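This report concerns only the one structure given below.
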Amino acid sequence: MENGIVLTMRDISKSFPGVRALSHVDFTLRKGEIHALMGENGAGKSTLIKVLTGVYPKDGGEICVEGIDRPITIHSPQEAAGFGISTVYQEITLCPNLTVAENMYIGRGKGIGVRWKDMVRKSGALLDSLGIPARPRQQLGSCSLAVQQMVAIARAVDTDCKVLILDEPTSSLDDKEVAMLFKLMRELRSRGVGIIFVTHFLEQVYEVSDRITVLRNGELVGEYEVEKLPQVELVAKMMGKELESLSVMHRDAAAAQEAGDVYRAEGLSSTEAKPFDFHIARGEVNGFTGLLGSGRSESVRAIFGADRVTGGRVTVDGAPVKITRPVQAMHQGIGYLPEDRKRDGIIADLSVRENIILALQVMKGFFHPMSRAQQEAFADEYIAALDIKTASTDTPIKSLSGGNQQKVILARWLLTHPKYLILDEPTRGIDVGTKTEIQRLVLQLAQEGMSITFISSEIEEMLRTCSRLIVMRDRKIVGELSGDELTQDHVMYTIAGGGE
Ligand code: ADP
Ligand code: MG
């Protein structure tokens, strides 16, 4: 193996039933570097890590580590550790009711009969030298999660680790804790450990990493030196786009539509969404955009009361309202088509008719059932209006194509005549024809006065339908684009954090 390289993965492929999670991926890790592994949700990052640590067998490819002149086969995380490859997972896997020292040395196999005193002394020295604020005799559970994670890292490092893998280590840390972790990572780097850092936080990558490997849809996009990859280009690569131009555009923001807000929230937060402000005017189509996992869905779920709302002031048509449960949102004229049609949307065993009338029935209350004739009339009306391809109103929805199922759920919400309709990924996984139909329908409904918030992973689709885009990164709103700013480049610049 080339000098200074501790790990190479070559031509790695891995499939799950129906999914090609990794396709001919190469990855190289140098000694003493922090190497970020980036990609949108589902890009294959965790799978690559799990192949490397023997959690999953690979379908093809080679793994080589420094010091062994043949490719190695890894069957389990224990075997991986034996090759000097250690992982610290986001969920801590240590024992909170044992001491820090015990956690660093238990189950180590080799030195049976580790003396308690030695253990305390050795772990104390290691913790000190790594600058980890924990004492050996302290119960692990009494440390913050951040410190527990650092203890897990210390444990990994003390077993002669050459490759340290941190998969989303910062997700639940605050800024101070992140700084502490980064200090530890830099210390380990200076000791020659190669660190694979999996994260979706762009800024953190630029703060601490030396190189970046980008995956997309299970394929290698490329490997880059951090200084040579501007943040906006990283975003473009993660999204699989080319920048149309790198010139920064300066245009003024579109005029605010203060007068006619149908919905307005200040400081709205939920268990899943940090406080944010948001408003939508009558007849406006706006959208949340950002990388997968940036918090788009969590924001709209807070608006609809689908997650537990923890704060904020909301007005509908200017009047203060309380929306903490979906049914309250529905009574305020808000509809919500969820992202995961299979999980939250369709009721597979019910008929097309029953699925269509569901939201209206919920609003009326189940003690006031609609007559069969009324149900049939509504179902017929919307099957015709949306051109839903179904044998009859009684056909089970599960036998319809994805696109037609989606139209049924749309019909369900249109039947409640919402003032404000939220569509989360309404066009994902459906055929192009139906996609276009849904886009056209959105614009038509807006023209008739309905306000619509639209979320799609396809930027082009958002640019075609939305007159205002709210850009999210790392669960925060980082910008708002309208008018001439509505270009793909602009969106990517904003996701990447401004003019870098
Ligand atoms: P990332 O970590 O980049 O978000 P993953 O490696 O978790 O991505 O997932 C890559 C792809 O493989 C996704 O499409 C995911 O749904 C699929 N996948 C991951 N693990 C499994 C599994 N155990 N079974 C089936 N599919 C999986
Ligand atoms: Mg992952």
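Things worth noting here:
- Test: Val214 is closer than 24 Å to Val55 by Cβ, within 16 Å of ligand 1 (Cβ to nearest atom), touching a Lys or Arg at 6+ places or on another chain (Cβ under 6 Å) and open to solvent by 10 Å² or more (accessible area, probe 1.4 Å): no
- Figure legend. Inter-residue proximity from the range 160-182: first residues on the phi > 0 side of the Ramachandran plot and outside any strand (DSSP E or B), second residues open to solvent by less than 10 Å² (accessible area, probe 1.4 Å) and more than 15 Å from ligand 1 (Cβ to nearest atom), beta-carbon distance below 7 Å, spacing 6+ or different chains. Indicated pairs: Asp160/Gly84.
- If you go through the range 44-76 and keep only what is surrounded by 15 or more Cβ atoms within 10 Å (Cβ to Cβ), away from ligand 1 (no atom under 16 Å from the Cβ) and either part of a strand (DSSP E or B) or polar (S, T, N, Q) (or both), you end up with Glu62, Ile63, Cys64, Val65.
- Scope the range 439-470; condition assigned to a strand (DSSP E or B) and among the hydrophobic types (A, V, I, L, M, F, W, C); matching residues: Ile452, Phe454, Ile455, Leu469, Ile470
- Of note, Ile383 satisfies the criterion of being in contact with a Ser or Thr (Cβ under 8 Å, 6 or more places away or on another chain), assigned to a helix (DSSP H, G or I) and either among the β-branched types (Val, Ile, Thr) or closer than 25 Å to Ser456 by Cα (or both).
- Unique residue being away from ligand 2 (no atom under 16 Å from the Cβ), aliphatic (A, V, I, L, M) and in contact with a helix residue (DSSP H, G or I) (Cβ under 7 Å, 6 or more places away or on another chain) when the list is Ile63, Ile106: Ile63
- Listed conditions (1) among the β-branched types (Val, Ile, Thr); (2) in contact with a strand residue (DSSP E or B) (Cβ under 6 Å, 6 or more places away or on another chain); (3) farther than 30 Å from Ala302 by Cβ are all met by Ile334, apart from (3).
- Note on the range 23-32: among residues that are open to solvent by 10 Å² or more (accessible area, probe 1.4 Å) and touching a strand residue (DSSP E or B) at 6+ places or on another chain (Cβ under 6 Å), the one that is farthest from ligand 1 (Cβ to nearest atom) is Lys31.
- Of all the numbered requirements in (1) touching a Cys at 6+ places or on another chain (Cβ under 7 Å); (2) free of Cβ contacts under 8 Å to residues at least 40 places away in the same chain, Val193 misses one, and that requirement is (2).
- Selection over the range 17-38 of residues that are in contact with a helix residue (DSSP H, G or I) (Cβ under 8 Å, 6 or more places away or on another chain), away from ligand 2 (no atom under 12 Å from the Cβ) and part of a strand (DSSP E or B) gives a count of 5.
- Residue in the range 183-199 that is outside any helix (DSSP H, G or I), open to solvent by less than 50 Å² (accessible area, probe 1.4 Å), at pLDDT below 90 and within 16 Å of ligand 1 (Cβ to nearest atom) present: yes
- Pairs with Cβ under 7 Å, 6+ apart, first in the range 48-68 and within 19 Å of Thr213 (Cβ to Cβ) and among the small types (Gly, Ala, Ser), second away from ligand 1 (no atom under 16 Å from the Cβ) and modelled with pLDDT of 95 or more: Gly60/Asp11; Gly61/Arg10; Gly61/Asp11
- Number of positions in the range 77-100 that are modelled with pLDDT of 90 or more and open to solvent by less than 30 Å² (accessible area, probe 1.4 Å): 6
- Comparison of Ile356, Ile334, Ile347, Ile383 shows that the only residue that is surrounded by fewer than 20 Cβ atoms within 10 Å (Cβ to Cβ) and of a type in the set (A, V, I, L, M) is Ile347.
- Condition check for Asn41: within 15 Å of ligand 1 (Cβ to nearest atom), open to solvent by 70 Å² or more (accessible area, probe 1.4 Å) and assigned to a loop (DSSP other than H, G, I, E, B): yes
- For Tyr89: the one exception among (1) closer than 22 Å to Asn217 by Cβ; (2) within 16 Å of ligand 2 (Cβ to nearest atom): (1)
- Yes/no for Val157 being under 24 Å from Cys64 (Cα atoms) and at pLDDT 95 or above: no
- Qualifying residues in the range 269-300 (those that are without any contact (Cβ under 8 Å) to a residue 60 or more places away in the chain and under 20 Å from the mean Cα position of the chain (by Cα)) - the one surrounded by the fewest Cβ atoms within 10 Å (Cβ to Cβ): Thr271
The values are calculated or read from the model by the stated rules, or taken from the named source; none is laboratory data. Keep in mind that this is a model prediction, so the values were computed, not measured. Cβ coordinates were reconstructed from backbone atoms using ideal geometry, including for glycine residues, and neighbour counts include every protein chain displayed. These accessible areas exclude ligands, DNA and RNA; they are computed on the full protein's heavy atoms, side chains included. Shrake-Rupley method; radii C 1.70, N 1.55, O 1.52, S 1.80 Å.
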